[in-house]
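First up is the structure itself, then whatever we jot down about it.
The values are calculated or read from the model by the stated rules, or taken from the named source; none is laboratory data. Remember, it's a predicted structure, so these values are computed and weren't measured experimentally. In this analysis, Cβ positions are derived from the backbone assuming ideal geometry, glycine residues included, and neighbour counts consider all displayed protein chains. The area values use the complete protein model at the heavy-atom level, side chains included, leaving out ligands, DNA and RNA. Shrake-Rupley method; radii C 1.70, N 1.55, O 1.52, S 1.80 Å.
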Amino acid sequence: MAVFLLRRLLLAIPMVLGVATLVFLVLEVAPGDATARYAAPGVAPEALEQMRRNMGLDRPAGERYLRWMGAMLRGDFGVSLSRNEPVREVLAQTLPNTLLLSATALILAFGGGILLGTLQAVRAGGVVDRGISITTLLFYSMPSFWLALMLILVFSVQARNVWDWPFWFPASGMVSLDHGFLGSREQILDRIRHLTLPSVSLALVLAAGIARYMRASLLEVLSLDWVRTARAKGIPEWRVVVEHAMRNALGPVATLFGLYLPVLFSGTVVIETVFAWPGMGKLMVDSIFQRDTPVVLAAAFLFALLVIVGNLVADLLHALLDPRIRPAARAR
């Protein structure tokens, strides 16, 4: 297993570097640069040219790429061109917020998806199964940004201003303006309220796919001979499903963890922008518009790194849940 993980880590290095190189090339061929936002009728061209020299943008693209790559390998992501701060500090302010949102969405998605998929498999062919199938297919087909806007419209705007509900959820930001004046318990509740709509927007789409996958996997396990033998021995149905069948059915579902991470992180870019959530996704969008190349490259590098780490975790989970693949992992 250790050799298998080491191989995966070694293969991850060119993948991360390839993502960073691709993002650099895309930004390089895009029109304009970081000084474009300062261009105005009253700004002299000489001043813009001096700014390009100060930022190092007058250097050839190949030289700038090699300098950036060498600095990145040393752990130095450079200085933000729009914020005039070290990129490391900018990312340190936003990465925890993205991880909080992503982790909450993953917990909700897998918890809800596994629960719904199990309920469908147990009630296969019935009204409950059909109803959940239609509902999950509906959510699975929705674009995440449209779903986010609908949740804002219903549970923030309508719930507060039209229906006058006591429980409504904020539509933007991570905390309220008076967050610093609240007590410890109220501060936690305030963060949860702000976290609810963004995390649910991400989780609903993912949970729909997980539920359908869990249903198919559990139905396949429930049709095996050893499950029928367990039932014939008089073991209660809930023990057959929960203690025996689900453990085997969760193995394939665990692989979705690695497959859904790219979807999740790409979704955070959209959701954080819609909800003005101060995370890496919103930071990347803002930096792209400002042509802040060091921040965009560093954020893309971290996103790729998180996806690869997630894939490694998914492989480990699959090996732990399904003993049959452990010998294969050792052999590799």
message: If you take every residue apart from residue 140 with its C-beta less than 14 Å away from the C-beta of residue 140, what net charge results, scoring Lys and Arg +1 and Asp and Glu -1?
response: +2
- request: With the cut-off at 21 Å, report for the range 177-251 the share of all Cα pairs above it, as a whole percent.
  value: 54
- line: Neighbours of residue 46 by Cβ distance under 14 Å: Lys/Arg at +1, Asp/Glu at -1, summed charge 0
message: Could you identify which residue out of 13, 132, 288 has the top mean-square fluctuation in a GNM of the chain using Cα springs shorter than 10 Å?
response: 13
- prompt: Quick one: net charge of residue 71's neighbours, Cβ under 15 Å, K/R +1, D/E -1?
  reply: +3
message: Once neighbouring chains are kept in place and the probe is 1.4 Å, which whole percent of the accessible area of the range 18-130 is contributed by carbon and sulfur?
response: 65
message: Using alpha carbons only, how many angstrom separate the centre of the range 222-246 from the centre of the range 121-141?
response: 23
message: With a cut-off of 8 Å between alpha carbons and a minimum separation of six or more residues, what is the relative contact order of the chain in percent?
response: 28
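Which value in deg cm²/dmol, rounded to the nearest 500, describes the helix-derived mean residue ellipticity at 222 nm for the chain, given -39,500 (n - 2.57) per DSSP H run of n ≥ 4 and division by the residue count?
Taking each H run of at least 4 residues, the total per residue is -24000 deg cm²/dmol.
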message: With a cap of 15 neighbouring Cβ atoms within 10 Å, and only residues DSSP puts in a loop, list the trypsin sites (Lys or Arg not before Pro) found in the range 49-142.
response: 74, 123
- prompt: Using alpha-carbon pairs under 8 Å, 6+ residues apart, how would you state the relative contact order of the range 62-156 in percent?
  reply: 10
- prompt: Only one of the listed values, (i) 1.22; (ii) 1.01; (iii) 0.95, was derived from the coordinates as Cα Rg over 2.2 N^0.38 Å; which label is it?
  reply: (i)
- prompt: Are there any helices in the chain, counted as whole DSSP H runs, that stretch 30 Å or more along their axis by Cα and score at least 0.0 on average by Kyte-Doolittle, and if so which?
  reply: 2-29, 87-122, 184-222, 246-274, 293-321
- prompt: Loop-only check: which chymotrypsin sites (Phe, Trp or Tyr not before Pro) in the range 166-198 are DSSP coil with at most 13 other Cβ within 10 angstrom?
  reply: 167
- prompt: Which of the peptides 75-82, 198-205 is most tightly packed, and how do the rest follow, going by the mean number of other Cβ atoms within 10 Å of each residue?
  reply: 198-205, 75-82
query: Check residue 79: other-chain or 5+ apart residues with amide H under 5 Å from its amide H, H built from backbone geometry?
result: 87
field: Order by protection proxy (mean Cβ within 10 Å, highest first), peptides 151-158, 294-301
entry: 294-301, 151-158
